[in-house]
Amino acid sequence: MNIADLRQEYMHASLDASDVASDPFTQFDRWFDEAVKAQMPTANAMTLATVSAGGQPSARIVLLKGVDGGGFVFFTNYKSRKGRELTANPAAALLFHWVELERVVRVDGRVSKLTAQESDDYFASRPLSSRHSAIASPQSKVVPNRAALEARFIESEEKHGANPPRPAHWGGYRLIPDAIEFWQGRPDRLHDRISYSRKTGGWKIVRLAP
C-alpha cells in the first residue's frame with residue numbers, strides 16, 4: 001500500500017459566510033449538535049495542543065466538558081505534561097474532527113484554570129471509579145508497571161470509599177478563544193474555511209483559501 005495514494009473526495013455539505021451565525025459559539029453549538037445527532041463516535045473528543053516554556057509543541061486527545069463562560073472547558077491533572085506546559089505558557093489550541101461529516105473546527109486562545117468550586121462540582125459528578133483513578137494516577141510520570149497503578153487505585157478505594165475528595169492537583173481549564181475556524185470538506189480540495197477572529201465588541205468573519 002502506498003500511503004500517498006490514499007485519497008477521499010468530500011461531498012457532504014458546503015459552508016459560506018452568509019450561512020454561518022454571527023457568533024462562533026452559536027455556530028459551534030449548531031455543528032456540535034449535528035455531530036451528536038449523527039452519532040459521531042465521541043463527538044466531544046478534541047486534540048489539545050500546548051507548547052512548553054522551551055518552545056516544544058505537544059498534542060493529545062482530551063474531552064470537551066462544556067462550552068460556557070465564553071470558552072471551552074476540559075479537565076486534567078495539573079501536574080501532567082499538559083498542565084505543566086499550560087502553567088509555563090497558557091496559549092493553546094483545540095481541534096475537533098468529525099470525520100463522517102467532513103468537518104473540522106480549530107480554536108486558538110488563552111487558557112486559565114477554573115475556580116476550585118467549578119472543579120469540585122464537576123469532580124463530584126464523575127463516576128466513582130473515575131474519581132479514584134484521578135487520585136491514583138500520577139499522570140505523565142514513570143510508573144514501574146500496571147500493577148503499581150492498580151495498587152494505588154485500591155488504596156484510594158480503601159481510604160476514601162464512596163466519597164473521594166478532588167485532589168488539589170486535578171481540575172479544569174477554560175480556553176477563551178481569540179480565533180475559531182470552521183472547515184467543511186468540498187470536492188476537488190476546494191474546501192470551505194470560515195474564520196472568526198475576535199475584535200472589539202464582536203467577531204470578524206472572513207473566508208480563507210483552502
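The values are calculated or read from the model by the stated rules, or taken from the named source; none is laboratory data. For clarity, every value in this text was computed on a predicted model and none was experimentally measured. Ideal geometry is used to build each Cβ from the backbone, glycine not excepted, and the neighbour counts take in all protein chains shown. With ligands, DNA and RNA removed, areas are computed over all heavy atoms of the protein, side chains included. Shrake-Rupley method; radii C 1.70, N 1.55, O 1.52, S 1.80 Å.
Residues in the stretch 48-73 that are touching a residue at least 40 places away in the same chain (Cβ under 8 Å) and under 17 Å from residue 140 (Cα atoms): 4 in all.
Return a yes/no flag: does the stretch 116-127 have any residue that is within 13 Å of the chain's Cα centre (by Cα) and not hydrophobic (A, V, I, L, M, F, W, C). Looking through the stretch 116-127, none of the residues is within 13 Å of the chain's Cα centre (by Cα) and not hydrophobic (A, V, I, L, M, F, W, C). Taking the stretch 81-111 as the range and being touching a His at 6+ places or on another chain (Cβ under 9 Å) and on the phi < 0 side of the Ramachandran plot as the test, the residues that pass are 83, 100, 101, 103, 104, 105. Scanning the stretch 74-94 for residues that are surrounded by fewer than 17 Cβ atoms within 10 Å (Cβ to Cβ) and hydrophobic (A, V, I, L, M, F, W, C) yields a total of 2. Across the stretch 1-30, the qualifying residues are those that are free of Cβ contacts under 8 Å to residues at least 24 places away in the same chain and of a type in the set (Ser, Thr, Tyr), and the one among them that is most open to solvent (accessible area, probe 1.4 Å) is 18. You will find that of 69, 55, the residue that is closer than 25 Å to residue 201 by Cα and either surrounded by fewer than 20 Cβ atoms within 10 Å (Cβ to Cβ) or in contact with an Asp or Glu (Cβ under 8 Å, 6 or more places away or on another chain) (or both) is 69 and no other. Pairing each residue of the stretch 31-42 that is within 16 Å of residue 63 (Cα to Cα) and open to solvent by less than 50 Å² (accessible area, probe 1.4 Å) with any residue that is assigned to a helix (DSSP H, G or I) and not charged (D, E, K, R), provided the two are 6+ apart or on different chains, yields C-beta distances under 8 Å for 35/101; 40/99; 40/101.
In a loop (DSSP other than H, G, I, E, B) and not basic (Lys, Arg): does that describe residue 177? When the stated conditions are applied, residue 177 does not pass them.
Within the stretch 181-209, if we keep just the residues that are open to solvent by 30 Å² or more (accessible area, probe 1.4 Å) and among the small types (Gly, Ala, Ser), the residue that is modelled with the lowest pLDDT turns out to be 201. Of all residues being of a type outside the set (Val, Ile, Thr) and in contact with a Gly (Cβ under 7 Å, 6 or more places away or on another chain) in the stretch 147-180, which is surrounded by the most Cβ atoms within 10 Å (Cβ to Cβ)? Just the residue, please. Checking each candidate, the answer is 175.
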